[in-house]
1. Residue check: is I28 over 15 Å from the mean Cα position of the chain (by Cα), open to solvent by less than 40 Å² (accessible area, probe 1.4 Å) and among the aliphatic types (A, V, I, L, M)?
2. I'd like the full set of residues that are of a type in the set (S, T, N, Q), under 12 Å from V5 (Cβ atoms) and open to solvent by 70 Å² or more (accessible area, probe 1.4 Å), limited to region 77-121.
3. Of (1) in contact (Cβ under 8 Å) with a residue 40 or more places away in the chain; (2) closer than 21 Å to T91 by Cα, N76 satisfies all except one. Which?
4. Given the options S17, S71, name the one that is among the polar types (S, T, N, Q), exposed (fewer than 14 other Cβ atoms within 10 Å of the Cβ) and modelled with pLDDT under 90.
5. Quick one: count up the residues across region 31-65 that are modelled with pLDDT under 90 and closer than 15 Å to W111 by Cα.
6. One residue is enough: does region 70-81 have a residue meeting the conditions within 21 Å of T107 (Cβ to Cβ), of a type in the set (A, V, I, L, M, F, W, C) and assigned to a strand (DSSP E or B)?
Amino acid sequence: QVHLVESGGGLVQPGGSLRLSCAASGSILTIDHMGWYRQAPGKQRELVAPITGGGGSTAYADSVKGRFTFSRDNTNNTVYLQMNSLKPEDTAVYYCNAVIRTLGGKTYSYWGQGTQVTVSS
């Protein structure tokens, strides 16, 4: 089994910062892809940024460019999302997604449980 555990969400004022973490554990052979999504109330889930392979390729959504920074710690199978200059429209549940090849040789897509980010004064 594979688990993704997210942490770091909370309530922050506009202009503030938060750092989200997502740690993958379990029967992992390789992590082919990890990314962050978010879903605001009444809206579809949107891709915020994918990180592929060893973390060298990142494509940010236009709405977060220049404010959010993604990074990955391959040693600990952990991905981070540093969010600066937060805006009320960033309010959403943030989800981590990972495409993982398991020790059994099969590849699956896994989701974290989600962490709430609320930007409000």
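The values are calculated or read from the model by the stated rules, or taken from the named source; none is laboratory data. Just so you know, these numbers come straight off a predicted model, no measurement behind them. Glycine gets a Cβ as well: all are built from the backbone with ideal geometry, and neighbour counts include every protein chain shown. The protein model used for the area step is the full one, side chains on, heavy atoms only, and it has no ligands, DNA or RNA in it. Shrake-Rupley method; radii C 1.70, N 1.55, O 1.52, S 1.80 Å.
1. yes
2. Within region 77-121, just Q113 meets the criteria.
3. It is condition (2) that N76 fails.
4. It is S71.
5. Of the residues in region 31-65, 8 are modelled with pLDDT under 90 and closer than 15 Å to W111 by Cα.
6. Yes, region 70-81 contains a residue that is within 21 Å of T107 (Cβ to Cβ), of a type in the set (A, V, I, L, M, F, W, C) and assigned to a strand (DSSP E or B).
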